[in-house]
Amino acid sequence: MGFKKLLSNTLDFLSGKSDEAAMKLVESNPELFLSQAIEKEKTAIDELKNNLAEIDHLKKPMVQNVEDIKEKMQRIQAQIRKARNEGDSDLEVRATQLYKTRDGELDKAIENLEKIEANEEQLRAEIVKAEEAVKQMEIDKDQILADLKIAKSQEQIMEVMGRSKRGAGTADSFNAAKNAINKKTSQIDSKVKVTKSFDSNNTNDPLAGL
């Protein structure tokens, strides 16, 4: 989940850019882009928390309204009991009717409060989920950067090995040339020795030069 969100945020940031331009931007500083993707998600979480604060602000007067209605109903009940004790049927009827009205208001107030509390609970769950996603994104970022570092190291090793192989090929060519030259030198030396030996023999011949 975290990696998908991280990738999605990174792609959103690069939207509108050509594939080549996007790749150059990412390759230029991959850590920066991954960090920006995470910061984007953190900003979204801050917005959710602001929404939660607004809901809490709206909920407070609703809670107070429920408490106010309950208190009024308690006072009405007291008036009903008093009217019965005093035999004031008119007051009892009016108080009873008022009690029913307040009871309906209480039901509606509680219903509205439960709705906003359900929204609040849902928002809190979304915040927790988003925060867990950010934690996973940060873990994924560290893993991605570690993998990238290893990959670059392996690439550098391959380049060094390639240069070593090219160097070995050059040394082989040098040795082959050296052997060929030594062989040619040996051949020339042999010819020179043969020529000197021939000249020496001719010098001792009394007929040489006749």
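The values are calculated or read from the model by the stated rules, or taken from the named source; none is laboratory data. Computed from a predicted model, the values in this text were never measured in an experiment. Here the Cβ is made from the backbone with ideal geometry for all residues, glycine too, and neighbour counts use every protein chain on show. Note: areas computed on protein heavy atoms with side chains; ligands, DNA, RNA excluded. Shrake-Rupley method; radii C 1.70, N 1.55, O 1.52, S 1.80 Å.
Within the range 33-54, being open to solvent by less than 30 Å² (accessible area, probe 1.4 Å) and under 10 Å from the mean Cα position of the chain (by Cα) holds for F33, L34, A37, I38, E41. Scanning the range 76-95 for residues that are in a helix (DSSP H, G or I) and exposed (fewer than 13 other Cβ atoms within 10 Å of the Cβ), which turns out farthest from the chain's Cα centre (by Cα)? So the residue we want is E86.
Quick check on I110: is it open to solvent by less than 80 Å² (accessible area, probe 1.4 Å), among the β-branched types (V, I, T) and over 26 Å from L34 (Cα atoms)? So I110 fits the description; yes. Is it fair to say K152 is surrounded by 12 or more Cβ atoms within 10 Å (Cβ to Cβ) and modelled with pLDDT under 95? Judged against the criteria, K152 is not a match. Taking residues in the range 88-113 that are closer than 15 Å to M73 by Cβ, and partners anywhere that are part of a helix (DSSP H, G or I) and of a type in the set (S, T, N, Q), the pairs with Cβ atoms closer than 7 Å and at least 6 places apart or on different chains are A95/Q79; Y99/Q77; A109/N65.
Every listed requirement among (1) surrounded by 12 or more Cβ atoms within 10 Å (Cβ to Cβ); (2) modelled with pLDDT under 95; (3) more than 12 Å from the chain's Cα centre (by Cα) is met by I69 save one, (2).
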